[in-house]
């Protein structure tokens, strides 16, 4: 392992990495500013689904907060967002017995009396497609669970994501009446977890996610009585698109102001829970990272910018708006990082860099290791809101965190601020601040 002393020597007499990290730690951990901001956003405003009144309040809050914290050039980048409304009725019954469910984003509603139809259980899109004409008028139940043998729950999530995002569309194309999807979680309770589903311009059907215990109960019934009938009732609907915005603020660089380091998270959340880990955590980590740099009086050579993106959860129009801005702006998007994996203890940074460029990051590892980040992952994940910037040859980074609890809460009523540890949240923010500062002073 590189020593701190050796790392300092890499900067040829510049202020030591030890002093930089110790100063960040003392201020950040002494104040826990990220959690205070989360109390305002997730505790005060609450859930912030795109198109909602709360999402508009979050945009206002983001702009006002950046101004209050002393950021420069605070502004909005407009974008249009969808306006899907969950409604008040989410009811799934088998033999008069209620099952735990919640509508998936973009779902259709049902007639007032609901839809009653036999259920066919499948475990893959291919298995559903093989049903052919047999699926017509039925309710297709996608019931593939997390792969519990995988250590990373993000990898486990990736193995089941297709059935939520594509499953209802496959069911619609087959002429099915509705789709049921096992919630994308490994926590064996009966809380249902929502998320978006993609119909594109094709046919749509009502679709819901089931809590795991309800999914297992239905599966058990179907084993004894195949094509048992269930009744599904939803009153969700899609309203006309709404004007919204990303929020941007920065500290302008003193030497190379047109070279920009971006960091951020997405302002919107699902309407279940209060959007604390997803992605209130990423929003406040970025805000407090720049606040700490600002309040310490540090003057970056390159511009460090915070972007709070809108509408990551449903269709990504906020990140598309920022990319369109970046393509036209007389500046270079040198690096961009996102925190969108929850406010848990930081472990690493994923990066789009590979080979020698990725290896050069290791000269900074001794500093990051004091903040519990112990490696960079070459070719790793960055984040849905920044990945489009790869088109501009931007170096991308994503904060990687301890993963075992995230999908217990993700997109559910359990994603509340009491599930967030203030020190873990702050450590993520300090790692973002350190990476932004080192890139601003040394390039990439």
| task | Look at residue 247 and say whether it is surrounded by fewer than 24 Cβ atoms within 10 Å (Cβ to Cβ) and at pLDDT 95 or above. | result | no
| task | Hey, could you check region 193-208 for residues that are surrounded by 22 or more Cβ atoms within 10 Å (Cβ to Cβ) and out of contact with any helix residue (DSSP H, G or I) (no Cβ under 7 Å at 6 or more places or on another chain) and say which is nearest to residue 408 (Cα to Cα)? | result | 193
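For (1) in contact with a strand residue (DSSP E or B) (Cβ under 7 Å, 6 or more places away or on another chain); (2) over 19 Å from residue 314 (Cβ atoms), each residue gets a yes or a no:
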| position | (1), (2) |
| --- | --- |
| 45 | no, no |
| 57 | no, no |
| 89 | yes, yes |
| 92 | yes, yes |
| 100 | yes, yes |
| 105 | yes, no |
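Is it true that residue 262 is crowded, with 19+ Cβ neighbours inside 10 Å, in the same structural domain as residue 117 (by TED's automatic domain parsing) and outside any helix (DSSP H, G or I)?
no
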| said: Checking residue 444 against (1) at pLDDT 95 or above; (2) farther than 15 Å from residue 284 by Cα; (3) surrounded by fewer than 24 Cβ atoms within 10 Å (Cβ to Cβ), only one condition comes out false. Which one? | reply: (1)
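Which helices (runs of 4 or more DSSP H) does region 1-117 wholly contain that include 1 or more residues that are modelled with pLDDT under 95? It would help to see each step written out before you state the result.
Details: elements: 4-9, 17-31, 33-38, 53-68.
The qualifying helices (runs of 4 or more DSSP H) are 4-9, 17-31.
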| Within region 232-254, which residues are in a loop (DSSP other than H, G, I, E, B) and closer than 21 Å to residue 175 by Cα? | 235, 236
| Matching residues, region 374-391, being crowded, with 17+ Cβ neighbours inside 10 Å and either part of a helix (DSSP H, G or I) or at positive phi (or both) | 383, 387, 388, 389
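Counting residues that are under 23 Å from residue 257 (Cα atoms), which strands (runs of 3 or more DSSP E) fully inside region 270-373 reach at least 3?
Values: elements: 302-309, 332-338, 346-351.
Hits in region 270-373: 302-309, 332-338.
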| task | Output yes when any residue across region 379-387 is touching a helix residue (DSSP H, G or I) at 6+ places or on another chain (Cβ under 6 Å), at pLDDT 95 or above and more than 16 Å from residue 333 (Cα to Cα), and no when none is. | result | no
| task | May I ask you to list the residues in region 392-429 that are over 13 Å from residue 35 (Cβ atoms), touching a helix residue (DSSP H, G or I) at 6+ places or on another chain (Cβ under 7 Å) and part of a helix (DSSP H, G or I)? | result | 392, 406, 407, 409
| query | For residue 55, are the conditions met, namely being surrounded by fewer than 17 Cβ atoms within 10 Å (Cβ to Cβ) and either over 25 Å from residue 200 (Cα atoms) or touching a residue at least 60 places away in the same chain (Cβ under 8 Å) (or both)? | reply | no
| field | Qualifying positions in region 164-192 - closer than 22 Å to residue 312 by Cα, surrounded by fewer than 24 Cβ atoms within 10 Å (Cβ to Cβ) and touching a strand residue (DSSP E or B) at 6+ places or on another chain (Cβ under 8 Å) | value | 165
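The values are calculated or read from the model by the stated rules, or taken from the named source; none is laboratory data. Values in this document were obtained by computation on a predicted structure and should not be read as measured data. Positions of Cβ are backbone-derived with ideal geometry, glycine not excepted, and every protein chain shown enters the neighbour counts.
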